[in-house]
Amino acid sequence: MKANKTSRTAQYMALFRALESQRDSNDRLFYDPYAIHFLDLKLRLAVRLSKNKRVRKYISTTIQNKIPGAFSSGLARTKYIDDLLQSSLSEGITQVIILGAGFDTRALRLDFLKSASVIEIDHPNTSNFKIDIFKKRIGKPPENITYCQIDFNKQSLDELAVQYHFDFTKPTTLIWEGVTNYLTAAAISKTFTFISRFPKGSVIIFTYVHQEILTDPSSFLGGEKLLKDLEKLEEHWTFGFLPSELPDYLKQFNLTLLEDLGAKEYRKKYLPNRNEKGYEFYRVAMAKKDY
């Protein structure tokens, strides 16, 4: 991420959610009336114009040509994580931590989170922008949300936990969406070590990219162009897992892998009638703390 700027990819995800929310109520995966507020003026206009079916088709085609599969993958991924989160809370979890929250609006749009304590952790640039947008366009943030800012070059998650008095006695669901592919192996290990401090029954829902997108981008549709575009944004990807190795990797943190689906699979689950291709390297996993 460029200095003093918010993540451009975070804004793209907000764009995808805002566009989906303009569809008819019987033809959308979810409704996010807040996402549009995090977009720049041109993108907000595009979202409003997308109520027209011809305009919506043009926008979808443009996104598909630029980043094959990202639009439908992002939508299905959002709904999939929503559902995994709800299933974890049905087991009695009352605390949710969102690592690298970006412009995530789950604490606002998901009714089942209103009774939970939600902690959002992000870089000061994105977090401050989000808080400012709340004040200008949405209103006072709900009292159940705590915003924690961290610059990983200066502070660790453990230090942040002391600063904000995190409660490690509560079974907790952690969401780590759209982040691991930007980190180093050491940073990821440190984060999973932090996650392992939470008690038995805690859940981690996270995304990652298939390692082969980094070693052989041509093996995935649109892979080479995507990585070049990310380099221009200074948001280049640095890390991926091999799905076959993930269960053993998680075991060292006392975590058991429960689910692990690629974009092709969760698109089929949630968007069987939208036939986009691409972004198959992006995956969602859920693991549970054993003891």
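Roughly how many percent of the accessible protein surface of the range 215-286 is carbon and sulfur, given a 1.4 Å probe and a whole-percent answer? Provide the component values of the computation, followed by the final result.
Working: 2040 of 4040 Å².
Carbon and sulfur together cover 50 percent of it.
Electrostatic bookkeeping for Glu159 treats Lys and Arg as +1 and Asp and Glu as -1; over the other residues with beta carbon under 14 Å from its beta carbon, the sum is +1.
Taking 0.36 nm per residue of separation and subtracting the Cα-Cα distance, full extension of the segment from Tyr31 to Thr146 would add 39.1 nm.
May I ask you to give the solvent-accessible area per residue for the chain, in square angstrom, as obtained with a 1.4 angstrom probe? Don't jump to the answer; show the numbers that get you there.
Details: 14210 Å² over 291 residues.
Averaged over the residues of the chain, the accessible area is 49 Å².
Please list, by residue number, everything in the range 89-114 whose backbone N is under 11 Å from a paramagnetic label point 7 Å out along Cα→Cβ of Ile138. The answer is 102-110, whose backbone nitrogens lie closer than 11 Å to the label point.
Pairs exceeding a 26 Å alpha-carbon distance, out of Lys79/Lys277; Lys225/Lys264; Lys136/Lys225; Lys53/Lys268: Lys136/Lys225. Counting Lys and Arg as +1 and Asp and Glu as -1 over every other residue whose Cβ lies under 9 Å from the Cβ of Ala107, the net charge comes to +1.
Please state, rounded to one decimal and in Å, the Kirkwood hydrodynamic radius that the chain gives when every pair of distinct Cα atoms enters the mean of 1/r. For the chain, inverting the mean 1/r across all distinct Cα pairs yields 19.5 Å. Near Lys140, which aspartates and glutamates are there with a Cα under 14 Å away, not counting those fewer than 8 places off in the same chain? Partners found: Asp132. Listed by chain and number, the aspartates and glutamates placed with their C-alpha closer than 18 angstrom to that of Lys269 are Glu20, Asp27, Asp82, Asp83, Glu259, Asp260, Glu280; residues fewer than eight positions away on the same chain are left out.
Compute the orientation-averaged projected area for the range 165-229 from the convex hull of its Cα atoms and round it to one decimal in nm². Write out the running numbers ahead of the final one.
Working: hull surface 22.8 nm².
Quarter of the Cα hull surface area: 5.7 nm².
Modelled this way, with points 7 Å down the Cα-to-C-beta line, the labels at Thr256 and Thr62 are 4.8 nm from one another.
Among 11-23, 77-89, the peptide with the highest mean count of other Cβ atoms within 10 Å heads the list, and the full ranking is 11-23, 77-89. Give me the percent of accessible area attributable to carbon and sulfur for the range 90-141, probe 1.4 angstrom. So the carbon and sulfur contribution to the accessible surface is 49 percent.
Only the Cβ atoms of Lys and Arg (+1) and of Asp and Glu (-1) were treated as charged; on that basis the dipole of the range 121-168 about its Cα centre amounts to roughly 420 debye.
The values are calculated or read from the model by the stated rules, or taken from the named source; none is laboratory data. Bear in mind the structure is a predicted one, so any value in this text is a computation, not a measurement. Positions of Cβ are backbone-derived with ideal geometry, glycine not excepted, and every protein chain shown enters the neighbour counts. These accessible areas exclude ligands, DNA and RNA; they are computed on the full protein's heavy atoms, side chains included. Shrake-Rupley method; radii C 1.70, N 1.55, O 1.52, S 1.80 Å.
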